[in-house]
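Here the structure is laid out as structure tokens; the discussion comes afterwards.
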């Protein structure tokens, strides 16, 4: 999924070689800031959640009592602080496709400068039947988009 690492400002980044499944736009809000005048690390997870939800809406995925996604794992590498004001793009790529799960690689980048990478990593989403508490197959729209 990634080419050889490149170095920018002493930070080692990976360059994606494939097109994203989806790119979400998010604006930094003043309330996202912490005492150090940059976006609090926990807010990055909110940005990623927003990107995943925009992607699911784009695919017209319907969440029901018998089929819904849950976040099973997250891995983030914070590469540089995000300051306010900022417009962001969150790129989502399929890193792995399972029977009931998908691993989404993500990058949070500056909207006007793709070379400014704030964060990258992966999340694992598992589809479950909430009423039964068991995994269920991925929706066909997810499989088609990611496969």
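Label-to-label distance, residue 41 versus residue 110, with points set 7 angstrom from Cα along the beta-carbon direction: 2.3 nm. Decide, for segment 75-147, between rounded, prolate and oblate: order the square roots of the alpha carbon gyration tensor eigenvalues as a ≥ b ≥ c, take rounded if a/c falls under 1.5, and otherwise choose prolate if a/b is larger than b/c, else oblate. Because a/c hits 1.5 or more and a/b exceeds b/c, segment 75-147 counts as prolate.
When a footprinting reagent is the concern and you count Cβ atoms within 10 Å, what order do 33, 125 take, fewest first?
Numbers: 33 16, 125 19.
Ranking 33, 125 by Cβ neighbours within 10 Å, fewest first, gives 33, 125.
Helices in the chain, meaning DSSP H runs of at least 4 residues, each add -39500 (n - 2.57). Divided by all residues, the mean residue ellipticity at 222 nm is -5500 deg cm²/dmol. Taking Cα extents along the principal axes in Å as calculated from this structure, the corresponding entry among (i) 47, 36, 28; (ii) 47, 36, 23; (iii) 62, 37, 26 is (ii). Just to confirm the number: angle between the C-alpha axis of helix 41-58 and the first principal axis of the chain, 0 to 90 degrees, nearest 10? In the chain, helix 41-58 runs at an angle near 50 degrees to the longest axis.
Residue 23 to residue 63: extension gain in nm, 0.36 nm per residue of separation minus the Cα-Cα distance?
Values: separation 40, 0.36 × 40 = 14.40 nm, distance 2.11 nm.
Length gained, residue 23 through residue 63: 12.3 nm.
Peptides 126-134, 81-89 ranked from most to least packed, by the mean per-residue count of other Cβ atoms within 10 Å: 81-89, 126-134. For segment 64-84, the residues whose backbone nitrogen is under 17 Å from a point 7 Å from the Cα of residue 34, taken along Cα to Cβ, are 75-84.
Every number here is computed from the coordinates shown, using simple stated rules; none is lab data. This structure is a prediction, so every number in the text was calculated from the model and none was measured. Please note: Cβ atoms are built from the backbone with ideal geometry, for glycine as well, and neighbour counts cover all protein chains shown.
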